[in-house]
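The values are calculated or read from the model by the stated rules, or taken from the named source; none is laboratory data. Here the structure is a predicted model, which means the values were calculated and not measured. Methodologically, a virtual Cβ is constructed for each residue, glycine included, from the backbone with ideal geometry; neighbour enumeration extends over all protein chains shown. Just so you know, the surface numbers come from the protein's heavy atoms only, side chains and all, with ligands and any DNA or RNA stripped out. Shrake-Rupley method; radii C 1.70, N 1.55, O 1.52, S 1.80 Å.
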Amino acid sequence: MGKQQDQNKSAAAAQAAATKEKAATYLVIGAGTAGLSFIDSLLTLDANATVILVDRHAQPGGHWTKSYPFVRLHQTSCSYGVNSLPLSNIRDKKGNERFSVNDLATGQEIKDYYKVVVEQFRECGRVHLYFNCEYSKDDSGNHFVTNIDTNEVTRVSCKKIVVVHSNVLVPSMRKGPPFPIDSSINSAPLNELPTHVASKQYKKYVVIGAGKHGSDAITYLLRNGVDQSAITWITSRDIWYFVRDGLWGGYKSYRKDTVKLVDPLVKCKSLYEVFLQYEKDGTMARLDTSTIPEVFKGATIDKSELAGFKSIKDVVCLGRVTSITSDEIKLEKGVVPLPASPADTLFVDCMADMDGTFYGFRVAEDFKIFDGDQINMGPLIVSYNVCCSAAIIAYIESTFADDSEMRNNLLYFARGEKQNKFDFKSFFSQFYYQNKTFKALGAYPPAIQFVLNSRTFLDAPCHHYLGLPGFIWAMVGPSQMAKKANKFVERVESGDFPDCQDCFGVAGRKLPEPKDLKIKEKSKVKSNYPPQKKLKPKSKFGLNCCASVDIVNAVEKSGDPTNMNGAVKSNA
């Protein structure tokens, strides 16, 4: 309530000071990963769309603008960013980005990439950029943009507003740790760690946090000459880690390797058992094998990082830190002494998302992505993939008739407090929601074609060995990936897993049928975005829809995934 009142006061003041006006089809609040991906696909698909983009930061990139200097993607570069612009430098002869398990862009590369994306927006002439600006709205629904430095106010009119409901917090965005510390204690956010390590001022480092930030801090210390004996690692609770090179071996084996994720979903009796099988297969890992972690946040590491983690002997797992005095660390479940004197010890703040949200998102039971003249971004509809989720929402906005109920029926995601938790089941719910969303979109085949042609989709044929033939072969060939994914969905919905009896909150919901969908009339105007570039021709085929069943069957019968051309000719 207080935040809303403050916004109304700001809007009232802005209305009185407004000196300029600007109009566009869409007003997008937030130039982070989701907002930029949405705009990129919208401009490509809708030649008439115009956008006003507002962000409080001075440059695009959201939380990346506050990231630590040695940060890298935890996922591969080939599917991160926006659909119109490649990020990865690993390409095939045709210029397509190739999947590589070790291709992880740096934070600086991502910030530079997003600057190019925004420059593309600018060049097309359909996007007005307002960086270093705050957005406000008054009681009458009027929109205002206020420049933080100059206080210049612009009144904005739009047909729709796009709001990114994210509040991702990283240590550098806070003023110190979120608990009391004694004045004698030396504490620094992760961003400052390289400076302190280079100074060699401290004998001991206490890393607080076990997620992406904490694991990166441990790896940085170990790889920069700090012995494990000089490190104390405070983890509030045990968590699971996803081991990227434990699952994927390389470019040519991606499809075969991914089977290791799906097979246990069909064979194991419980979701807990699935995780234990993943551990046996080397796909998942935990630090303490004597306990079974309840938490999975999606933190992704490689085998060498895991070995480094396991070398740390002083690991404290007694809940969250509540305070630090001059001689001890107080935690929820106990107290431990400082590993050295305050002068010789540096506490490294690696705590993120301390507001209790699910990846920065608060998704209520009644949350709607499409809500009249407002589009609410935030929930993930593609498993652990913000970029592709946003692109699909833009596709739905530009393709389907302006019917919020119909559009929302196409999307499945975690709703409410129970489903938006960092427990181990969130890994499976993400996969379930993605499968249900793709089945819903399958009622309109071109929608699946859009997904398969999206570089932001990790499984997109363009990223992998043998391209589309390899994709179809993985789905309907001996691996039977499509059949196994469907079986997993059936098991969830029938209550076959004893530790999942609520169907991840969507029990009884029916998939839309083709007759339920209304499509917009296509504009005859050709999009001018991305500027001065030719979009790569889209494949003629897609999964279970854009390729005929006859072609799929011909490939399967031949026993040869490279026989796509022959299959096409024989079915022409």
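Remarks
- Simple spin-label estimate for A23 and N89 in nanometres, 7 Å along Cα-Cβ: 4.7
- Structure-based [θ]222 nm, the chain - -39500 (n - 2.57) summed over DSSP H runs of at least 4, per residue, nearest 500: -10000 deg cm²/dmol
- Cβ-placed point charges (K, R +1; D, E -1), dipole of the range 205-328 about Cα centre in debye, nearest 20: 600
- Hydrodynamic radius (Kirkwood) for the range 165-261, which is based on Cα pairs only, to one decimal in Å: 16.2
- Remark: the range 146-205 carries 55 Å² of accessible area per residue (probe radius 1.4 Å; ligands, DNA and RNA excluded).
- Apolar share of the accessible surface for the chain: 50 percent from carbon plus sulfur atoms, 1.4 Å probe.
- Here the simple spin-label model places points 7 Å from the Cα toward Cβ, and for N102 and D366 these points are separated by 5.3 nm.
- Look at the dipole of the range 58-178 built from charges on Cβ: of V116, N89, H143, the Cα furthest out on the positive end belongs to N89.
- Overall form of the range 89-160 per C-alpha gyration tensor (a/c, 1.5; a/b vs b/c): prolate
- For the range 210-304, a Kirkwood radius taken over Cα pairs fed into Stokes-Einstein (4 °C, viscosity 1.567 mPa s) yields D = 88 µm²/s.
- The range 257-346: C-alpha gyration tensor shape, a/c 1.5 cut-off, then a/b vs b/c: prolate
- Estimated FRET transfer efficiency (E273, Q228; beta-carbon r; R0 35 Å; 0.05): 0.60
- Members of K260/K303; K22/K137; K439/K518; K267/K510; K22/K115; K269/K487 lying beyond 21 Å, as alpha-carbon distances in this model show: K267/K510; K22/K115
- The modelled label-to-label distance for the pair A340/K520, using points 7 Å beyond Cα in the direction of Cβ, is 6.0 nm.
- Summing Cβ point charges (Lys, Arg +1; Asp, Glu -1) relative to the Cα centre of the chain gives a dipole of roughly 1600 debye.
- Length gained when the stretch A198-K310 is fully extended (0.36 nm per residue, less Cα-Cα span): 37.9 nm
- Shape call, the range 366-413: gyration tensor on alpha carbons, a/c limit 1.5: prolate
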